[in-house]
Amino acid sequence: MKIRSKDKVQVCGKSKPVWVLDTDSLTVTHNSTDAEPSVTAFSSDHIKYHLHYSAEYRPARLKKLVNDGTILSYLTDFDRSVAEAIERQVGKMLENDTEYLRAVAVGDLAKARGLENMDRLIAREPVYAAMVYV
């Protein structure tokens, strides 16, 4: 789904929206009269899930963010916040994971990394429930 801002600018004789959010390609395009359009692409799963969820259940919120011109900063902050929340949760889980601590102590980095990745997948579910699907 593409959401275009109400505000328009003249680019090469054509009237184009200032902001365009494409929830399928996970891009935000900013058109201005004095420069080439800037396209910012996101690739994280939580951005994809949040945009698709919001497009289906909260389209008015996305339209407001696009019309206000705050969609890019919103998504950038959201991306960072979710990633930080997951990392905090993983850190707490690893502090108490005796198997992980033993693997690190003996230098078994492959096992430690595998346990860390598993904990990251486990941590995603509650973080996504609290932050992404809202």
- Note on the structure: Only one of (1) in contact with a His (Cβ under 9 Å, 6 or more places away or on another chain); (2) of a type outside the set (Ser, Thr, Tyr); (3) within 20 Å of Ala129 (Cβ to Cβ) does not apply to Leu51, and that is (1)
- Counted residues, region 2-34 - those being assigned to a loop (DSSP other than H, G, I, E, B), under 18 Å from His50 (Cβ atoms), touching a His at 6+ places or on another chain (Cβ under 9 Å) and not hydroxyl-bearing (Ser, Thr, Tyr): 1
- Task: Specify the residue that is surrounded by the most Cβ atoms within 10 Å (Cβ to Cβ); the eligible residues are those in region 1-42 that are among the acidic types (Asp, Glu) and at pLDDT 95 or above.
- Result: Asp22
- Is there any pair linking a residue in region 1-16 that is of a type in the set (Gly, Ala, Ser) to one that is surrounded by 15 or more Cβ atoms within 10 Å (Cβ to Cβ), with Cβ under 8 Å and at least six apart or on different chains, and which? Ser5/Pro17; Ser5/Val18; Ser5/Trp19; Ser5/Val20; Ser5/Val66; Ser5/Asn67; Ser15/Val9
- Item | Selection status of Ala85, surrounded by 17 or more Cβ atoms within 10 Å (Cβ to Cβ), out of contact with any Lys or Arg (no Cβ under 8 Å at 6 or more places or on another chain) and aliphatic (A, V, I, L, M) | yes
- Message: Given the condition under 30 Å from Val9 (Cα atoms), touching a Leu at 6+ places or on another chain (Cβ under 8 Å) and surrounded by fewer than 14 Cβ atoms within 10 Å (Cβ to Cβ), answer yes or no: does some residue in region 43-63 qualify?
- Response: yes
- Enumeration of residues in region 35-44 that are without any contact (Cβ under 8 Å) to a residue 24 or more places away in the chain and either of a type in the set (S, T, N, Q) or in a helix (DSSP H, G or I) (or both): Ser38, Ser43
- Item | Filter result for Ile122 (part of a helix (DSSP H, G or I), among the hydrophobic types (A, V, I, L, M, F, W, C) and crowded, with 17+ Cβ neighbours inside 10 Å) | no
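The values are calculated or read from the model by the stated rules, or taken from the named source; none is laboratory data. For clarity, every value in this text was computed on a predicted model and none was experimentally measured. Glycine gets a Cβ as well: all are built from the backbone with ideal geometry, and neighbour counts include every protein chain shown.
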